[in-house]
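**Q** Please read through the structure below; I'll follow up with questions.
The values are calculated or read from the model by the stated rules, or taken from the named source; none is laboratory data. Here the structure is a predicted model, which is why all the values come from computation and not from measurement. Glycine gets a Cβ as well: all are built from the backbone with ideal geometry, and neighbour counts include every protein chain shown. Only protein heavy atoms, including side chains, enter the accessible area calculation; ligands, DNA and RNA are left aside. Shrake-Rupley method; radii C 1.70, N 1.55, O 1.52, S 1.80 Å.
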Amino acid sequence: LFPFQKQGVAFIEKRKGRVLIADEMGLGKTIQAAAWLQLHPEKRPAIILCPASLKLNWAKELRDTLSTKDNVQILQGTKPYPITGSIIIINYDILNSWVETLQAINPQVLIIDEMHYVKNSSAIRTKATKKLAKGIPHIIALTGTPIVNRPVEGFNIFQILDKNLFPNFWTYVHRYCGARHNGFGWDFSGATNKEELHRILTSTIMIRRRKSDVLKDLPEKLYSFVPMELDNKKEYSTAELEFIEYLRQIKGKEAAEKAKKAEHLVKIEALKQLAVKGKMKQAINWIRDFIEDGNKLVVFAVHKEVIHQLMKEFKEIAVKIDGSTSIPERHKAVEAFQSDPNIKLFIGNIQAAGVGLTLTAASAVAFLEFDWVVGNHMQAEDRCHRIGQKDTVNIYYLIAAGSIEEKLVSLLAEKTKVIQTILDGEKAEDINIFDELLESIGK
């Protein structure tokens, strides 16, 4: 843990496990909550409630970081079945169907990730979350934006954590939301006594750090590998099995192997594109959640269809650069991203947008597709990590779990380390990892 993360864990401990960790995105809220679970293996069962796009990420983080003997169980679907895990991961969309089943196991800890999801009192997920939280002794809420647009949105979060803090909704909205009757009904969209609200929260349930507060603790780049569920698992598995069988049949025939290299590439590209297709919905949700946190984001992809799909989804708030973008249009896209607060997303082709651009308005880069050449990834990362960038740059690899992407990204990470350890400014040759990937699949 970084020093500020240790302080976060100490804060959870001091508050007896009822807190709001409101650190900015990229500062490791997940790891702080996991560290507290590690400190208290006796406090089980524990439930993790999060958006669907983060379920696999939570499972990975817990398995990678906890040395306890916990069985992590991911719940799926709306038809309850027996719970066997000591740590249970569930998403907001299905919670309502599972509340009674979860209450029956007498949970001791509830970690609510992206807790701004419960801002709307009339939403089913808010009611289900409140019902589940009742009677659970330890509740850790995580969100970089506890109040996305206005103070009224925070009321449910504060109530769940400490109902004595603001016991009365009407008192709260009149004091902090500028409550007024507009002739048709009550309007709670205002913000009043903001400093007082902030002071109350930070002296009780909330800890919040911005990147700028903790820069001295952070490296220049922070890497995260975010697994995404495939929604075309059957289609992908069939294609992968056919390819592996094909490789086994020709293995050992060296001359044939060389002649077939182009065919291998076509087949691997087909698997890569199936993987992207299968994770696309989850990736779009992840990007939407990220932007909702108020941050700008740079996303790199390879294929025009993928870039087009993202642009279609985020057309009001995005700009793009791919191979077809003219030089004047490139300048216009970069200028809009750098200076227009309403443009939250830059979508670029790794090769066309990966060099020569300054995108320091963002301090986060996400790769949705992956290049064969390690150097191209490093160049793309450095669009945000340039002179004038005062923040640590968070780099996210959105990976289709159980697919060829896992092997590819693992090799990319390995080769990146090789390049970074070359000393005295000696230039590393671009490392193309296609052959190694082929060999790893054929094994």
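**Q** How far apart, in nm, are the 7 Å Cα→Cβ label points at L241 and S324?
**A** Going by the 7 Å Cα→Cβ label model, 3.7 nm.
**Q** Angle, helix 29-39 long axis vs. longest principal axis of the chain, Cα atoms, 0 to 90°, nearest 10?
**A** For helix 29-39, the angle is close to 70 degrees.
**Q** Just to make sure I understand: if all protein chains stay in place, what is the order of S237, S203, S53 by accessible area at 1.4 Å, largest first?
**A** Heavy-atom accessible area, descending, gives S203, S237, S53.
**Q** I've got another one for you. Could you state the angle between the C-alpha long axis of helix 92-104 and the longest principal axis of the C-alpha atoms of the chain, as a value from 0 to 90 degrees rounded to the nearest 10?
**A** Rounded to the nearest ten degrees, it is 60.
**Q** Spelling out what I want: for every residue of the range 108-117, take phi, set θ = phi - 60°, compute 6.51 cos²θ - 1.76 cosθ + 1.60 (Karplus), and round to whole Hz; glycine and proline get x.
**A** Along the range 108-117, the couplings run 9, 9, 10, 9, 10, 8, 6, 5, 5, 4 Hz.
**Q** Between I200 and D187, what length comes free when the chain is fully extended (0.36 nm per residue of separation minus the Cα-Cα distance, one decimal in nm)?
**A** On the way: separation 13, 0.36 × 13 = 4.68 nm, distance 2.35 nm.
Gain in length upon complete extension: 2.3 nm.
**Q** Could you please state how large a percent of the accessible area of the chain is carbon and sulfur, counting protein chains only and using a 1.4 Å probe?
**A** Carbon plus sulfur share of accessible area: 53 percent.
**Q** Oh, and also: Heavy atoms only, 1.4 Å probe, whole protein assembly: order E61, E100 by accessible area, highest first.
**A** E100, E61
**Q** Here's another thing I want to ask about it. Could you order E240, E42, E406 by accessible surface area, starting with the largest, using a probe radius of 1.4 Å?
**A** Accessible-area ranking of E240, E42, E406, largest first: E42, E406, E240.
**Q** Please work out how much accessible surface K315 shows to a 1.4 Å probe, ignoring ligands, DNA and RNA, in Å² rounded to 10.
**A** 130
**Q** Can you pull the one-decimal nm distance between simple spin-label points at E436 and S121, each 7 Å off the Cα toward Cβ?
**A** Computed distance between label sites E436 and S121 equals 5.7 nm.
**Q** Alpha carbon centre of the range 32-64 versus the range 102-166: separation in Å?
**A** Between the Cα centres of the range 32-64 and the range 102-166 lies a distance of 17 Å.
**Q** Starting from the Cα of A336, step 7 Å along the direction of its Cβ; do the same at N106; then give the gap between the two resulting points in nm.
**A** In this crude spin-label approximation the distance works out to 5.8 nm.
**Q** In square angstrom, rounded to the nearest 10, how much accessible surface does S122 have for a 1.4 Å probe?
**A** Taking all protein chains as shown, S122 has close to 80 Å².
**Q** Going down the list K6/K55; K43/K234; K279/K312; K281/K320, which pairs span over 27 Å between their C-alpha atoms?
**A** On the way: K6/K55 24 Å; K43/K234 38 Å; K279/K312 17 Å; K281/K320 19 Å.
Pairs exceeding 27 Å: K43/K234.
**Q** Can you show me the helix-derived [θ] at 222 nm for the chain, built from DSSP H runs with n ≥ 4 at -39,500 (n - 2.57) apiece and divided by the number of residues, rounded to the nearest 500.
**A** On the way: 17 runs with 198 residues, N = 443.
Taken over the chain, the calculation gives -14000 deg cm²/dmol.
**Q** Next question, about the same structure. Only Cα pairs within less than 10 Å get springs; with that Gaussian network setup on the chain, which residue of K415, K79, K130 has the largest fluctuation?
**A** Of the options given, K79 has the highest mean-square fluctuation.
**Q** Please work out the average accessible area per residue across the chain, using the 1.4 Å probe convention, and give it in Å².
**A** Here the per-residue accessible area is 47 Å².
**Q** So what's the angle, to the nearest 10 degrees on a 0 to 90 scale, between helix 55-65 and the longest Cα principal axis of the chain?
**A** Helix 55-65 sits at roughly 80 degrees to that axis.
**Q** Where does the chain land on Rg/Rh, using Cα atoms and the Kirkwood Rh? Please report the intermediate quantities before stating the final value.
**A** Working: Rg = 23.7 Å, Rh = 23.8 Å.
Using Cα coordinates only, the ratio equals 0.99.
**Q** Kirkwood hydrodynamic radius for the range 173-311: how many Å is it when counted over pairs of different Cα atoms?
**A** Taking the inverse mean of 1/r over all distinct Cα pairs, the range 173-311 comes out at 21.0 Å.
**Q** For the chain, what proportion of DSSP beta bridges, expressed in % and rounded to the nearest 5, is antiparallel?
**A** The antiparallel proportion sits near 5 percent.
**Q** Binning at 5 Å from 0, report for the range 64-193 what percent of all alpha-carbon pair distances ends up in each bin.
**A** With 5 Å bins starting at 0, P(r) equals 2, 9, 17, 21, 17, 13, 9, 6, 4, 2, 1, 0.
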